[in-house]
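Chemist: Below is the structure I would like to discuss, written out as structure tokens.
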Amino acid sequence: QVQLVESGGGSVQAGGSLRLSCAASGGIPSTYFKGWFRQAPGKEREFVASMSWRGGTKDYADSVKGRFTISRDNAKNTVYLQMNSLKPEDTAIYYCAAHPSILSASVKSWGYWGQGTQVTVSS
């Protein structure tokens, strides 16, 4: 069974930090490109960050540049999102995604999705 399982979400005050993890299993190899998206209440799912399987290419949404860092441990088939200087507008459900070979900011481009983890930032 193909799975992407996110963890690490929670509640934090503005200015705080969280690290999200996403473990892949069941047919999603470590060579797949990985990404993070988020969806706030009443809004569409939006791109946050993505990373090629070797780590040579990383991309970030303008709203998180300089605050969020995507990384991965291919030996563990896990991708991470370190989130610093969190703001209330970062509140959302965060999803990880995987694709064999495409890095894209478009939700439609990604074939595999996790179930999401809630991040709540209070002011």
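Chemist: For ARG72, ARG54, ARG38, give me the order by solvent-accessible area with a 1.4 Å probe, most accessible first, ignoring ligands, DNA and RNA.
Modeler: Output order, biggest surface exposure first: ARG54, ARG72, ARG38.
Chemist: Something else about it: I want the antiparallel fraction of DSSP beta bridges within the chain, as a percent rounded to 5.
Modeler: Rounded to the nearest five, the antiparallel share is 90 percent.
Chemist: Convert 10 °C to kelvin, take the viscosity as 1.306 mPa s, use the Kirkwood radius over C-alpha pairs of the chain as Rh, and evaluate the Stokes-Einstein diffusion coefficient in µm²/s, rounded to a whole number.
Modeler: Translational D for this selection: 112 µm²/s.
Chemist: Test of understanding: in a Gaussian network model of the chain with alpha carbons linked when under 10 Å, which of GLY35, GLY26, GLY16 would top the mean-square fluctuation ranking?
Modeler: Largest GNM mean-square fluctuation: GLY26.
Chemist: Comparing ASP59, ASP73, ASP90, which has the greatest mean-square fluctuation in the GNM of the chain with Cα pairs linked when under 10 Å apart?
Modeler: ASP73
Chemist: If the reach is capped at under 20 angstrom between alpha carbons, list the aspartates and glutamates near LYS76, excluding any in the same chain fewer than eight residues apart.
Modeler: Correct list for LYS76: GLU6.
Chemist: Would you kindly state how much longer the chain becomes between ASN74 and GLU44 on full extension, computed as 0.36 nm times their sequence separation minus their alpha carbon distance, in nm to one decimal?
Modeler: 7.8 nm
Chemist: If you roll a 1.4 Å probe over the chain with all protein chains in place, what percent of the accessible area is carbon or sulfur?
Modeler: Carbon plus sulfur share of accessible area: 47 percent.
Chemist: Per-residue HN-Hα couplings for the stretch 112-123, Karplus 6.51 cos²θ - 1.76 cosθ + 1.60 at θ = phi - 60°, whole Hz, x for Gly and Pro?
Modeler: 10, 9, x, 8, x, 9, 7, 10, 10, 10, 9, 8
Chemist: Please check: in the Gaussian network model of the chain (C-alpha springs, under 10 Å), which one of GLY111, GLY27, GLY55 has the largest mean-square fluctuation.
Modeler: GLY27
Chemist: Right, here's the next one. Dividing the convex hull volume of the alpha carbon atoms of the stretch 54-123 by its residue count, what do you get in Å³ per residue?
Modeler: Each residue corresponds to 110 Å³ of Cα convex hull volume.
The values are calculated or read from the model by the stated rules, or taken from the named source; none is laboratory data. Everything numeric here is computed off the predicted structure, so don't read it as measured data. Heads up: the accessible areas ignore ligands, DNA and RNA and are worked out on the full protein's heavy atoms, side chains in. Shrake-Rupley method; radii C 1.70, N 1.55, O 1.52, S 1.80 Å.
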